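To start, the structure itself, in structure tokens.
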Amino acid sequence: MTETLQARLAEALAPIANPRTGASLYQTQQVRDIAATRDGKVRVTLLLAAQDDPTLARQVRQALEKVEGVTDVRVDVKDAAEAPVPSSAPAPAAAPPSAKARALPVMNEPAAAPRTPAAPTPVTYPRLGRIVAVSSGKGGVGKSTVTTNLAIALAKAGYRVGLMDADIYGPNIPRMMGVDEAPPVQNDKIMPLLAHGVKVISLGFLIERDQPAIWRGPIVMKIITQFLRDVDWDDLDLLLVDMPPGTGDAQLSLVQATSVAGAVIVTTPQEVSVGDALRGAMMFRRTGVPVLGVVENMSYFESPETGKPMAIFGTGGGKRLADELQVPLLGEIPLYPPVLEGADRGAPIVISDPDSSAAKKLTAVAMAVAKQLGVRTTAG
């Protein structure tokens with residue numbers, strides 16, 4: 001890296017301050033390991049503590065992209081608690097009394113959490129209604145597609161519904177719901193965006209679409225807590241939470257952060273998907289979250305010529321999983337190309353083709369979930 005480019009990068013980073021401390025990220029070496037290739041590809045490491053605003057990654061990226069000679073930027077986010085503090089790094093400044101975040105309000109909390117903090121006591125948020133986690137054991141089973149359609153079906157039925165995208169490693173809800181803009185902040189509260197009658201919040205609104213999300217446990221916990229506490233959801237009947245696949249930090253963070261009324265497990269008929277889904281379901285049970293039921297997605301394909309179902313991915317996986325868990329099989333959703341097409345263009349199937357078999361089955365799943373939880377519409 002030439003001295004000239006290095007100087008330009010440093011100059012671009014210097015004005016970016018941490019809202020929690022008021023200090024420059026560059027001067028306190030929260031941004032470090034700055035490297036650049038001759039063709040202008042820049043890579044930096046950003047250290048974030050649990051109390052830090054995760055959207056600082058976006059600010060760093062955007063600042064570096066504006067530097068003359070830079071062709072590509074990668075920001076690797078790491079947990080500050082696990083990184084050694086350089087002896088030359090100046091002590092961070094004290095947090096200003098009224099520090100405010102740009103996109104996510106930053107709480108003025110004591111810094112320096114221990115490396116292995118005790119699990120927090122779950123907080124109840126009465127205005128959020130019943131919180132339902134929609135989860136899968138592996139990616140690629142259509143979990144987010146199912147979640148968006150369930151949320152819209154519930155809203156169409158008269159429920160006050162929120163949709164929280166906790167799939168922070170692959171936030172696809174903005175595209176599927178047809179909204180993609182930074183949510184406004186009013187009185188230190190994030191205002192969720194409204195789409196198809198559903199209030200929506202996602203990390204995808206706050207980071208660049210092609211930016212890799214490299215979040216560690218404490219930061220994941222902070223993001224989920226802020227989405228629960230610092231978003232102005234108003235009064236909801238149901239808050240659906242689209243979880244990342246697997247059994248990682250996000251799942252544990254959610255059940256530690258608040259009281260979850262139940263989990264819906266999405267799988268496909270394939271045995272490999274069912275096995276992974278079973279592990280995910282057991283994680284919820286071990287943390288005291290009841291499993292409401294199983295949704296088998298991509299169950300079959302209806303032949304255009306005969307209308308008969310064709311089992312492309314096998315049969316019976318969802319039923320076997322539901323039987324093993326002793327929970328209802330909430331629905332078997334057909335593999336219907338317009339479902340995928342609608343998700344890509346922000347028009348979920350329950351909106352774009354409500355009379356289709358897939359839309360009707362997804363609507364039935366949504367009503368079954370509401371009935372299990374004993375949730376009634378405001379009118380009823």
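The values are calculated or read from the model by the stated rules, or taken from the named source; none is laboratory data. Remember, predicted model here, so these are calculated numbers, not experimental data. In this analysis, Cβ positions are derived from the backbone assuming ideal geometry, glycine residues included, and neighbour counts consider all displayed protein chains.
From the list 276, 242, 232, the lone residue that is out of contact with any Cys (no Cβ under 6 Å at 6 or more places or on another chain) and closer than 16 Å to residue 147 by Cβ is 242.
Answer yes if at least one residue in region 336-354 is within 16 Å of residue 274 (Cβ to Cβ), at pLDDT 90 or above and assigned to a loop (DSSP other than H, G, I, E, B), and no otherwise. Give the steps one after another, and end with the answer.
Of the residues in region 336-354, the ones within 16 Å of residue 274 (Cβ to Cβ) are none.
Within region 336-354 (the criterion being within 16 Å of residue 274 (Cβ to Cβ), at pLDDT 90 or above and assigned to a loop (DSSP other than H, G, I, E, B)), the answer is no, since none of the residues qualifies.
Scanning region 29-48 for residues that are surrounded by 20 or more Cβ atoms within 10 Å (Cβ to Cβ) and not in a strand (DSSP E or B) yields a total of 1. The sole residue among 364, 358 that is in the same structural domain as residue 307 (by TED's automatic domain parsing) and surrounded by 22 or more Cβ atoms within 10 Å (Cβ to Cβ) is 358.
Would you mind stating whether residue 250 is closer than 28 Å to residue 360 by Cβ, assigned to a helix (DSSP H, G or I) and at pLDDT below 90? It is false that residue 250 is closer than 28 Å to residue 360 by Cβ, assigned to a helix (DSSP H, G or I) and at pLDDT below 90.
Taking region 34-76 on its own, how many of its residues are aliphatic (A, V, I, L, M) and farther than 20 Å from residue 11 by Cβ? So that I can check it myself, show each step before the final result.
Filtering region 34-76 down to residues aliphatic (A, V, I, L, M) leaves 34-36, 42, 44, 46-50, 56-57, 60, 63-64, 67, 70, 73, 75.
If we keep only those that are farther than 20 Å from residue 11 by Cβ too, we end up with 47-50.
Qualifying residue count for the region: 4.
Scanning region 183-207 for residues that are modelled with pLDDT under 85 and either within 26 Å of residue 352 (Cβ to Cβ) or in a strand (DSSP E or B) (or both) turns up 203, 204, 205.
Checking the structure you have, find out if any residue of region 298-317 is assigned to a helix (DSSP H, G or I) and either touching a residue at least 12 places away in the same chain (Cβ under 8 Å) or not basic (Lys, Arg) (or both).
Residues of region 298-317 that are assigned to a helix (DSSP H, G or I), as a first pass: 317.
Cutting the leftovers down to either touching a residue at least 12 places away in the same chain (Cβ under 8 Å) or not basic (Lys, Arg) (or both) gives us 317.
Scanning region 298-317 turns up at least one residue that is assigned to a helix (DSSP H, G or I) and either touching a residue at least 12 places away in the same chain (Cβ under 8 Å) or not basic (Lys, Arg) (or both).
Take the residues of region 292-345 that are in contact with a helix residue (DSSP H, G or I) (Cβ under 6 Å, 6 or more places away or on another chain) and of a type in the set (Gly, Ala, Ser): which is surrounded by the most Cβ atoms within 10 Å (Cβ to Cβ)? Ranking the qualifying residues of region 292-345, first place goes to 342.
Within region 16-32, the residues that satisfy the criterion of being of a type outside the set (A, V, I, L, M), farther than 16 Å from residue 70 by Cβ and in contact (Cβ under 8 Å) with a residue 12 or more places away in the chain are 18, 19, 20, 21, 22, 27, 28, 29, 30, 32.
Among 8, 20, 102, which is the only one that is under 30 Å from the mean Cα position of the chain (by Cα) and modelled with pLDDT of 70 or more? First the steps, then the outcome.
Working: 8 fails: under 30 Å from the mean Cα position of the chain (by Cα); 102 fails: modelled with pLDDT of 70 or more.
Testing whether each residue is under 30 Å from the mean Cα position of the chain (by Cα) and modelled with pLDDT of 70 or more leaves just 20.
Can you tell which of 37, 28 is modelled with pLDDT of 85 or more and among the polar types (S, T, N, Q)? Break it down into steps so the answer makes sense when it comes.
Numbers: 37 fails: modelled with pLDDT of 85 or more.
28 is the lone residue from the list that is modelled with pLDDT of 85 or more and among the polar types (S, T, N, Q).
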